[in-house]
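The values are calculated or read from the model by the stated rules, or taken from the named source; none is laboratory data. Everything numeric here is computed off the predicted structure, so don't read it as measured data. Glycine gets a Cβ as well: all are built from the backbone with ideal geometry, and neighbour counts include every protein chain shown. Please note that ligands, DNA and RNA were not included when accessible areas were found on the heavy atoms of the full protein model with its side chains. Shrake-Rupley method; radii C 1.70, N 1.55, O 1.52, S 1.80 Å.
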Protein chains: 2
Amino acid sequence: MKTQEMIALRLKYESNLMDSIVPFWEKHSPDRKAGGYFTCLDRDGTVFDTDKFIWMQGREVWAFSRLYNWASQASMERRNKWLELAELGARFLRSNGRAGNGDWYFAVDRNGKPLVEPYNIFSDYFVTAGLAEFHRASGEKWALELALSSFSRIQERKARPKGIWTKQIAANRSLMAMGIPMMDAWMARELRGLVEPATLDALAMAAEGQVFGFHVDRDRKAVFERVASDGSHPESMDGRLLNPGHALEVLWFLLRQAADRSDQERIQEICEVMLWSASSGWDEQCGGFFYYRDFRGYPTEKLEADMKLWWVHAEALCAFLLAYKLTGSAEHLAWFERIDSYTFTHFPDPEFGEWYGYLDRGGEVALSLKGGKWKGFFHVPRTLMTCIDWLREMEKTDAR
Amino acid sequence: MKTQEMIALRLKYESNLMDSIVPFWEKHSPDRKAGGYFTCLDRDGTVFDTDKFIWMQGREVWAFSRLYNWASQASMERRNKWLELAELGARFLRSNGRAGNGDWYFAVDRNGKPLVEPYNIFSDYFVTAGLAEFHRASGEKWALELALSSFSRIQERKARPKGIWTKQIAANRSLMAMGIPMMDAWMARELRGLVEPATLDALAMAAEGQVFGFHVDRDRKAVFERVASDGSHPESMDGRLLNPGHALEVLWFLLRQAADRSDQERIQEICEVMLWSASSGWDEQCGGFFYYRDFRGYPTEKLEADMKLWWVHAEALCAFLLAYKLTGSAEHLAWFERIDSYTFTHFPDPEFGEWYGYLDRGGEVALSLKGGKWKGFFHVPRTLMTCIDWLREMEKTDAR
């Protein structure tokens, strides 16, 4: 990529972030009355549900805090509003998010009354990251303490993440999901400076070990979403499930940590695995990445398997831009450009701002929402901030 | 409808049932080695997963048993094979389906080892109906005993159907789902002759009372899938959810029981309510019924909301044919003809038999499977047998 192209790309991402994404959430999401955020926002920002999903609250605290911490370093204007908005969510979480045992509810109502039990450990991961980042932005000690105690609880819970709500009978078929090592890799990075390095290094390496020891299958050239504890892939819908977005997301987390320790061998390996996931996940007929595939091409149990989701494409952008930045590979650049082109012609809404979340296979908008139970202010700003940073670094070194 | 049209329609349904649907399941579904049925069948019948989902096992026992019991009465050839196939499933269920406390697992592996805990009461409903019908076909006492003990357990469990796996916090928002009264209405009919009439009448009337007292909203002209225990519809995604297929399914169960007691007022009421559900659920642009809608037109939380599902259309056929049979209403006949036309131009697969299950909004096949975790040998044969009976009765009376 020529320097001029990098600059143009960076300006496109900066504009999308600052003129479209951030204003949408600043305007429609804060609940000034009850605290926290509305995340169920229709195309034009209309709030269509006031329930508060703790995943989404934690993620939005993270994104506003990160935006605040990131802006100056990225030569952007730092706005106090972002810190205020981060605080709005952080305080709501502190007051309403936690069950008696210290775990985080899945959902509470507008005013904080719990609606869904804390069965989902990913609530805890996102709140931990959100409060840690908010602590960096605000210096608030309570936020750090809460983040650290949640981090401890995650370590206790993660061997059986659904606890008493577990329905799978592990004695007869034990499948490990890639979500846990993926989140551990992210967490290990997010908590730098707040938790002892040895703890975080161990977490990062365990995650990398699980992904490369179990989920990545070199013989089959695939990244399996679930894998038996003996490393096999049961011949079942679960055992054959491919989730290209998840694979690319975990791969860029691991690529970044391999780059941090200058592990060239691992960098090459990850870049190769990325190509498998991309080519088996891409829809050659209509463009875009499928949400789910079956390794053998059978139907999955997921009705939405053919849909094109915003976060899959956001994570794929990070994966291939970082791969290109580290290796200069033309093949990875070509993938990046293909994904960038699909993404920016399909997801952003020029009229009301933000990205659509859910397209049908053909690329038409299937759900008009900009935010909901599972889509909030997270993947898009994370991707844009991350890619802007990398593009700026690449411009400076002008290595290629 | 003219008599000649009724006959032509009946012959179409008979042919679809006997030449396409039944042979597909006879050929591809039996697991002669381990017992029970394979239900994960790709387009051509290839087994893509050997796990056994208890819903699907119970439903298939029901369908083969019913087919056997129904054939002679419907002037069709009764085949012993159907009884053998019903027994294959019934014996598998008896040996492998039940947890220690008498509840039915959600899933077991091919050989019957439990994989998913008995968290889902609908497993119990379908097994109960299946074993009761198998008892009628075979005279086997153990099948009746097992059906009756399961029926008792359902009554004990149904106030809190997910038991220890409940994640909703009912103290803060209690929503009743329409699935339970729907299944109770069906069960009350299915167990006639095996359980005391007073018990079944009470069950049927309680179901009717819940649906008309809570789910059917005359002011809003809608059938809500979930409703608060005070009859209100919370302004949330859950509270506004419409499920046109479910609504039409429960409505024809209730229409049949109203007809059984010659309750003309209720018949008229149900026929009116059907029209609300049909018109709000029909996709005027592409044809077919949506899977889910939001009462106010907001997005639902369901990614698959726009898809066109086989069972929705099968149940809608029963609803409108019975409404027309009972009332002679031209409006209901027009709906029936519209649904019949969409269904038979979109779902059946002339090449390999059976119906596709999952179409995208535009009517293209989204998942190639003929059977899976949620689609088995049930809705289609039930609809076809039921409609064939009604058409034959209509031909005889030649009332219209």
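Suppose every K and R has +1 on its Cβ and every D and E has -1 on its Cβ; what is the size of the dipole of the stretch A:173-369 about the Cα centre, in Debye to the nearest 20?
Dipole about the Cα centre, nearest 20: 320 debye.
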*With every protein chain present, what accessible area does A:T397 have (1.4 Å probe, heavy atoms only), rounded to the nearest 10 Å²?*
100 Å²
*the stretch B:35-124: GluC sites (Glu not before Pro) in DSSP coil with no more than 12 other Cβ atoms inside 10 Å*: B:E77
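At a 1.4 Å probe radius, carbon and sulfur cover how many percent of the accessible area of chain A?
The nonpolar share, carbon plus sulfur, comes to 48 percent.
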_Whole angstrom only: what separates the Cα centroid of the stretch B:25-73 from the Cα centroid of the stretch A:16-33?_
52 Å
_Point-charge dipole on Cβ atoms (K/R +1, D/E -1) for chain A, about Cα centre, debye to 20_ = 840 debye
*asked:* Ordering A:W374, B:W55 by accessible area with a probe of 1.4 Å, largest first, what comes out?
replied: A:W374, B:W55
*Partner chain Cβ atoms within 10 Å, averaged over the residues of A:303-311 - can you pull that number for me?*
4
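Given N residues in the protein assembly as shown, what is its alpha carbon radius of gyration divided by 2.2 N^0.38 Å?
The reported ratio for this selection is 1.00.
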*Which whole number gives the average count of other chain Cβ atoms within 10 Å of the Cβ atoms across peptide B:164-173?*
6
*For the stretch A:85-175, what number results from the quotient of the Cα radius of gyration and 2.2 N^0.38 Å?*
1.17
*For the protein assembly as shown, give the magnitude of the charge dipole about the Cα centre (Cβ charges: +1 Lys/Arg, -1 Asp/Glu; no others), in debye to the nearest 20.*
1400 debye
*For the charge dipole of the stretch B:173-369, defined by +1 on Lys and Arg C-beta atoms and -1 on Asp and Glu C-beta atoms about the Cα centroid, which residue among B:A366, B:A222, B:L317 has the Cα displaced farthest towards the positive pole?*
B:A222
*Based solely on its DSSP helices, what 222 nm [θ] is calculated for chain B when runs of n ≥ 4 H residues each add -39,500 (n - 2.57) and the sum is averaged over all residues, nearest 500 deg cm²/dmol?*
-17500 deg cm²/dmol
*For B:P381, what charge total do you get from the other residues with a beta carbon under 14 Å from its beta carbon, if Lys and Arg give +1 and Asp and Glu give -1?*
-2
_Accessible area (Å², 1.4 Å probe, nearest 10) - A:E225_ = 10 Å²
*Whenever you get a sec, line up B:D306, A:D49 from highest to lowest accessible area (probe 1.4 Å, protein heavy atoms).*
B:D306, A:D49
*Give the ranking of B:E14, A:E235, A:E354, A:E265 by solvent-accessible surface, highest area first, calculated with a 1.4 Å probe.*
A:E265, A:E235, B:E14, A:E354
_Once the cut-off is 23 Å, how many percent of the Cα-Cα pairs in the stretch A:173-369 end up in the long-distance tail?_
45 percent
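With a ≥ b ≥ c the root eigenvalues of the C-alpha gyration tensor of the stretch B:271-400, is it rounded (a/c under 1.5), prolate (a/b larger than b/c) or oblate?
oblate
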*In terms of the Cα gyration tensor, with a ≥ b ≥ c the square roots of its eigenvalues, is chain B rounded because a/c is under 1.5, prolate because a/b exceeds b/c, or oblate?*
rounded
*How much of the DSSP beta bridge set in the stretch A:173-369 is antiparallel, as a percent to the nearest 5?*
95 percent
_Cα gyration tensor shape of the stretch A:61-117, rounded if a/c is under 1.5, else prolate or oblate by comparing a/b with b/c_ = prolate
_A:T50 - accessible surface, heavy atoms, 1.4 Å probe, Å² rounded to 10_ = 50 Å²
_So if I take the centroid of the Cα atoms in the stretch A:333-400 and the same for the stretch A:155-170, what is the distance between those two points in Å?_
33 Å
*Compute the FRET efficiency between B:N111 and A:S75 as 1/(1 + (r/R0)^6), taking r as their Cβ-Cβ distance and R0 = 56 Å, and round to the nearest 0.05.*
0.35
*Can you give the mean number of other chain Cβ atoms that lie within 10 Å of the Cβ atoms in peptide B:359-372?*
4
*asked:* Given R₀ = 30 Å, what would the calculated FRET efficiency be for B:Q168 paired with B:E145, taking r from the Cβ atoms and rounding to 0.05?
replied: 0.30
*Cβ under 15 Å from A:R261's Cβ, A:R261 left aside: what net charge do those residues give with Lys, Arg +1 and Asp, Glu -1?*
-2
*Ignoring ligands, DNA and RNA, how much accessible area is buried between chains B and A, both sides summed, with a 1.4 Å probe, to the nearest 100 Å²?*
3800 Å²
